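Student: One structure, as structure tokens, below. Some questions next.
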Amino acid sequence: MNKGDLIERIAKDAKLTKGQAGDALDSFIGGVASTLAKGGKVTLVGFGTFSVSKRASRKGRNPRTGKEITIKAKKVAKFKAGAELSKKVNR
């Protein structure tokens, strides 16, 4: 499923136009992104939790030359599925 498919599904289920469903989805994505950028987390009970994790710097290899390089530390977005979502996926 891609973004367009998801917008169609939201529009159908919520009886909205595709434009309204697209705006709602964009608002959700923007809200999650801005919360994560501030270091917060978003919890949707039963669905899951979006959070930010810090990844430490580490050693790696340049695949082209084989030379050892240092990969910089960075923040990464994480998603942990909730119990209800896990049950639906593992039917």
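Student: Calculated from DSSP H runs of 4 or more alone, at -39500 (n - 2.57) each and per residue, what is the 222 nm mean residue ellipticity of the chain, nearest 500?
Tutor: Here the helix-only value at 222 nm equals -13500 deg cm²/dmol.
Student: Further question: Only four residue types carry charge here, +1 at the Cβ of Lys and Arg and -1 at the Cβ of Asp and Glu. Report the dipole size of the chain about the Cα centre in Debye, rounded to the nearest 20.
Tutor: Dipole about the Cα centre, nearest 20: 760 debye.
Student: If I model a spin label as a point 7 Å beyond the Cα along the Cα-Cβ vector, how far apart are those points for Ala73 and Met1 in nm?
Tutor: Output for this residue pair reads 3.8 nm.
Student: Follow-up question, since we're still on this one. Quick one: what does P(r) look like for region 41-91 with 10 Å bins over all Cα pairs, in whole %?
Tutor: 22, 28, 22, 21, 7
Student: Bin width 10 Å, origin at 0, all Cα-Cα pairs of the chain: what percent of pairs per bin?
Tutor: Result returned by the calculation: 14, 26, 31, 18, 9, 1.
Student: Measuring from label point to label point, each 7 Å out along Cα→Cβ, what is the Arg91 to Lys59 span in nm?
Tutor: Spacing of the two 7 Å Cα→Cβ label points: 4.9 nm.
Student: Relative contact order for the chain: what is it in percent, counting Cα pairs under 8 Å that are at least 6 residues apart?
Tutor: 21 percent
Student: Can you give the net charge of the other residues whose Cβ lies under 12 Å from the Cβ of Ile10, counting K and R as +1 and D and E as -1?
Tutor: 0
Student: What does the charge add up to near Arg61, with Lys and Arg as +1, Asp and Glu as -1, over the other residues with Cβ less than 13 Å from its Cβ?
Tutor: +3
Student: For helix 3-14, what angle does its Cα long axis make with the longest principal axis of the chain, in degrees from 0 to 90 and rounded to 10?
Tutor: 30 degrees
Student: Here's a follow-up. Compute the acute angle (0 to 90°) between the alpha-carbon long axis of helix 18-37 and the principal axis of greatest extent of the alpha-carbon atoms of the chain; round to the nearest 10°.
Tutor: The helix 18-37 is inclined about 40 degrees to the chain.
Student: Would you mind working out the magnitude of the charge dipole of region 41-91 relative to its Cα centre, with +1 at each Lys and Arg C-beta and -1 at each Asp and Glu C-beta, to the nearest 20 Debye?
Tutor: 260 debye
Values in this text are rule-based calculations from the coordinates and carry no lab data. Keep in mind that this is a model prediction, so the values were computed, not measured. A quick note on method: Cβ atoms are made from the backbone with ideal geometry, for glycine too, and the neighbour counts reach across all protein chains shown.
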